[in-house]
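Asks: Sharing a structure here in structure tokens format.
The values are calculated or read from the model by the stated rules, or taken from the named source; none is laboratory data. Since we're looking at a predicted model, the values are computed, not measured. When we count neighbours, we look across all protein chains shown, and the Cβ atoms used for this are built from the backbone with ideal geometry, even at glycine. Side chains included, ligands, DNA and RNA excluded: accessible areas come from the protein's heavy atoms. Shrake-Rupley method; radii C 1.70, N 1.55, O 1.52, S 1.80 Å.
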Amino acid sequence: MHKETVLVVGGSSGMGLSLARSLLADGCAVVVAGRSSERLARARAVLADVGDVRTVAADITREEDVIGLFGECGPLDHIVSTAADIAGAYELLPDLQLAAARKVFDSKFFGPLLLAKHGACRLAPHGSITFTSGIAAYRPAPRGSVVAGVNGALESLAYALAVELAPIRVNVVSPGWVDTPIWRHVAGDEAPARLAAMAEKLPVGRIGRPDDIADGIRFLMRNGYATGSVLHLDGGHRLV
Ligand SMILES: NC(=O)c1ccc[n+]([C@@H]2O[C@H](COP(=O)([O-])OP(=O)(O)OC[C@H]3O[C@@H](n4cnc5c(N)ncnc54)[C@H](OP(=O)(O)O)[C@@H]3O)[C@@H](O)[C@H]2O)c1
């Protein structure tokens, strides 16, 4: 049976790390990419026992890094990006620095665009690309303007790519609040209290786990009828 190879950009932390673990457990070969070599080394240490993992240091906001990344990957079945650099971007407008806002768009919009530009030709015809948007686009809140904007833009990009890159399928998973290291940038020390309060409001009565989102990405990768889809995994957050 064909052993699938999957590139997980952002696989050194949070949802991406959970996805890498579950794909390895399925028997896939997994390439994990991210910027920090230390973080990649930690992920490799955690994942090596599970299966066939390689790591590549790459910043997807840099086109030369993306070209180099695909050079190291070889042929692929699926590309996933959970990458986001939102440091400093959760601010009210008077305090918002354009440089921080641009970093969000570089990592969550232009990075995925470059992955599609240089990665599509590496994918098998049955292959897929999955990006990660988020609840901020649907339940916006003060301080979240840039993240709301990039999530919406990313979904529109995926619709267009689903048409342009067909038969390669292009989809998006839109997570609600999930307990991952990204929360230090969203709420700092208040993160545990904010997450606990949201858990009480949500119809499912709890915050998301990285595995919840990894499951959804695996579904989008493997369902041959899913393209141009946005899969909302938010515990009902859009409804409350
Ligand atoms: N957690 C939530 O509540 C939540 C809610 C809605 C949406 N989301 C979205 O879900 C996705 C995954 O979030 P998460 O919570 O799993 O975040 P996370 O734990 O902070 O992981 C983000 C990953 O992206 C990598 N990364 C960041 N910038 C990169 C770049 N320029 N090039 C390559 N890799 C890069 C990071 O590694 P390096 O820093 O080493 O590069 C890290 O591996 C993000 O798009 C986030 O916006 C999260």
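Asks: Calculate, in nm to one decimal, what Leu96 and Ala153 gain on full extension: separation in residues at 0.36 nm each, minus their alpha carbon distance.
Replies: 18.6 nm
Asks: Given an 8 Å cut-off on Cα distances and at least 6 residues of separation, report the relative contact order of region 48-187 as a percent.
Replies: That works out to 26 percent.
Asks: Using a 1.4 Å probe on the protein heavy atoms, what percent of the accessible area of the chain belongs to carbon and sulfur?
Replies: 55 percent
Asks: So how do 204-214, 130-140 stack up, highest first, on mean other-Cβ count within 10 Å?
Replies: 130-140, 204-214
Asks: With all protein chains present and a 1.4 Å probe, how do Cys28, Cys121 order by accessible area, largest first?
Replies: Cys121, Cys28
Asks: With axes computed from alpha carbons, what is the tilt in degrees of helix 191-201 against the longest principal axis of the chain, rounded to the nearest 10 within 0 to 90?
Replies: 80 degrees
Asks: Tell me the Kirkwood hydrodynamic radius of region 2-121 in angstroms, computed as one over the mean inverse distance between distinct C-alpha pairs.
Replies: Answer for region 2-121: a Kirkwood hydrodynamic radius of 14.7 Å.
Asks: Given H placed 1.01 Å from N in the peptide plane, which residues other than close sequence neighbours of Val32 have an amide H under 5 Å from its amide H?
Replies: Correct list: Val8, Arg54, Thr55, Val56.
Asks: Relative to the longest principal Cα axis of the chain, at what angle does helix 14-26 sit, 0 to 90 degrees, rounded to 10?
Replies: Computed tilt is about 30 degrees.
Asks: Only Cα pairs within less than 10 Å get springs; with that Gaussian network setup on the chain, which residue of Asp179, Asp189, Asp26 has the largest fluctuation?
Replies: Maximum fluctuation in the GNM of the chain, among the listed residues, is at Asp189.
Asks: Here's another thing I want to ask about it. Calculate for the chain the 222 nm mean residue ellipticity that helices alone would give, adding -39,500 (n - 2.57) per DSSP H run of length 4 or more and normalising by residue count, nearest 500 deg cm²/dmol.
Replies: That comes out to -13000 deg cm²/dmol.
Asks: Tell me the label-point distance for the pair Lys117, Ala160, using the 7 Å Cα-to-Cβ offset, in nm and rounded to one decimal.
Replies: Reported label-point gap for Lys117 and Ala160 is 1.2 nm.
Asks: Sum up the charges of everything whose Cβ sits under 9 Å from the Cβ of Cys73, counting Lys and Arg as +1 and Asp and Glu as -1, but leave Cys73 out. Please list the in-between numbers first.
Replies: Values: positive: Arg54, Arg122; negative: Glu72.
Neighbour charge sum, excluding Cys73 itself: +1.
Asks: Kindly report, to the nearest 10 Å², the accessible surface of Asp52 as traced by a 1.4 Å probe over protein heavy atoms only.
Replies: Its heavy atoms expose roughly 70 Å² to the probe.
Asks: Bin width 5 Å, origin at 0, all Cα-Cα pairs of region 159-230: what percent of pairs per bin?
Replies: All Cα pairs considered, the percentages come to 3, 15, 20, 17, 14, 12, 11, 7, 2, 0.
Asks: A follow-up question, please. Taking a probe of 1.4 Å, how large is the accessible area per residue of the chain, in Å²?
Replies: I get 46 Å² per residue for this part.
Asks: Based on the alpha carbons, how large is the Rg to Rh ratio for region 24-78 when Rh follows Kirkwood?
Replies: Result for region 24-78 is an Rg/Rh of 0.98.
Asks: Going by accessible area, probe 1.4 Å, with all protein chains left in place, what is the ranking of Ser13, Ser156, largest first?
Replies: Order by accessible area, largest first: Ser156, Ser13.
Asks: If you build the Cα gyration tensor of the chain and take the root of 5 times each eigenvalue, what three semi-axes come out, in whole angstrom, biggest first?
Replies: Numbers: eigenvalues 142, 74, 69 Å².
One finds semi-axes of 27, 19, 19 Å for the chain.
Asks: Taking a ≥ b ≥ c as the square roots of the Cα gyration tensor eigenvalues, with a/c under 1.5 meaning rounded and otherwise prolate when a/b beats b/c, else oblate, which class fits region 53-145?
Replies: Prolate.
Asks: If His232, His237 are ordered by their accessible area, calculated over protein heavy atoms with a 1.4 Å probe, which sequence runs from highest to lowest?
Replies: Ranking His232, His237 by accessible area, largest first, yields His232, His237.
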